[in-house]
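Everything below concerns the one structure shown next.
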Amino acid sequence: MTAHNVFCRLGAKDLSALHPQLKENGVRLVGVGLEELGVEEFVEGQYFSGDLFIDLKQESYKEMNMKRHSYFSIWPSVFGKKGRDATSRAKTMSISGNLKGDGFLMGGTIVVNKGGTETLLQFKQDGPADHVENSAILKALGISGGDAASPPPAADGDKPKVTCTEDVCTRS
């Protein structure tokens, strides 16, 4: 069960719980991935409910100076208390992972104003189990409301179809 992309999936699922509130307030939820490997499985698993883009050249990650772990430096983050707690929570939500892809490049969350000219919140992962709290995102956007802990489960017949082009994957 302990695999790097389980943390990504858990974080995406948590973030997606905000999607209805964000949409209601005219805020677009966008995810940026770093590789095509696993995208179809990620979309079909309905881990993220916003628009998803792939940055194959990892330009956005470089621009935001995201941390890259080494093979040896990542393990304390994965097996530390935060990693174990996240793995346990993912397991209770039936979120699994694997060791495919680049699990060493950390991500984060950035919230910008409507025109994209001002950063309202920027969070960078130190380790793979680190994720910004949904309440911090809502606060940065000036949205009041309850804490959306997890999205409603999808019906079995609601599996989206994934279509990928060179720069974006969409679901229909």
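The values are calculated or read from the model by the stated rules, or taken from the named source; none is laboratory data. Predicted model, so just to flag it, every value in this text is computed and none were measured. Because the Cβ atoms are built from the backbone with ideal geometry, glycine has one as well, and the counts that use them run over all protein chains shown. Note: accessible area is taken over every heavy atom of the protein model, side chains too, but ligands, DNA and RNA are not part of it. Shrake-Rupley method; radii C 1.70, N 1.55, O 1.52, S 1.80 Å.
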TODO: Mind listing whichever residues of the stretch 104-130 are out of contact with any Leu (no Cβ under 9 Å at 6 or more places or on another chain) and closer than 26 Å to THR87 by Cα?
DONE: PHE104, MET106, GLY108, GLN122, PHE123, LYS124, GLN125, ASP126, GLY127, PRO128, ASP130
- [ ] Filter the stretch 85-104 down to residues that are in a helix (DSSP H, G or I) and in contact with a Ser or Thr (Cβ under 9 Å, 6 or more places away or on another chain) and give me whichever is farthest from GLN125 (Cα to Cα).
- [x] ALA90
TODO: Search the stretch 44-57 for residues that are closer than 15 Å to VAL27 by Cα and of a type in the set (S, T, N, Q) and pair each with any residue that is open to solvent by less than 40 Å² (accessible area, probe 1.4 Å) and not in a loop (DSSP other than H, G, I, E, B) when their beta-carbon atoms are under 6 Å apart and the residues are at least 6 apart or on different chains.
DONE: SER49/SER16
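Conditions tested, residue by residue: (1) in contact with a helix residue (DSSP H, G or I) (Cβ under 6 Å, 6 or more places away or on another chain); (2) β-branched (Val, Ile, Thr); (3) closer than 15 Å to PHE7 by Cβ.
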residue	(1), (2), (3)
GLY26	no, no, no
VAL32	yes, yes, no
LYS62	no, no, no
PRO76	no, no, yes
VAL111	yes, yes, no
Open item on the list: If the requirement is being touching a helix residue (DSSP H, G or I) at 6+ places or on another chain (Cβ under 8 Å), open to solvent by 30 Å² or more (accessible area, probe 1.4 Å), within 20 Å of GLY101 (Cβ to Cβ) and modelled with pLDDT of 90 or more, which of these qualifies: LEU10, LEU15?
Closed with: LEU15
TODO: Search the stretch 108-125 for residues that are closer than 16 Å to VAL32 by Cα and pair each with any residue that is among the polar types (S, T, N, Q) and open to solvent by less than 80 Å² (accessible area, probe 1.4 Å) when their beta-carbon atoms are under 6 Å apart and the residues are at least 6 apart or on different chains.
DONE: GLY108/GLN125; VAL112/THR119; PHE123/THR109
Task: Residue in the stretch 88-100 that is surrounded by the most Cβ atoms within 10 Å (Cβ to Cβ), counting only those that are in contact (Cβ under 8 Å) with a residue 24 or more places away in the chain and over 15 Å from the mean Cα position of the chain (by Cα) - done: ARG89
TODO: Give me a count of the residues in the stretch 62-84 that are open to solvent by less than 50 Å² (accessible area, probe 1.4 Å) and in a helix (DSSP H, G or I).
DONE: 3
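Of the residues that make up the stretch 11-23, is at least one assigned to a helix (DSSP H, G or I), closer than 14 Å to GLN125 by Cα and either among the small types (Gly, Ala, Ser) or out of contact with any Ser or Thr (no Cβ under 9 Å at 6 or more places or on another chain) (or both)?
Yes; the residues of the stretch 11-23 include at least one that is assigned to a helix (DSSP H, G or I), closer than 14 Å to GLN125 by Cα and either among the small types (Gly, Ala, Ser) or out of contact with any Ser or Thr (no Cβ under 9 Å at 6 or more places or on another chain) (or both).
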- [ ] Find all pairs meeting these conditions: Cβ atoms under 8 angstrom apart; at least six residues apart or on different chains; first residue within the stretch 22-39 and more than 16 Å from LYS57 (Cβ to Cβ); second residue of a type in the set (Phe, Trp, Tyr) and in a strand (DSSP E or B).
- [x] VAL30/PHE53; GLY31/PHE53
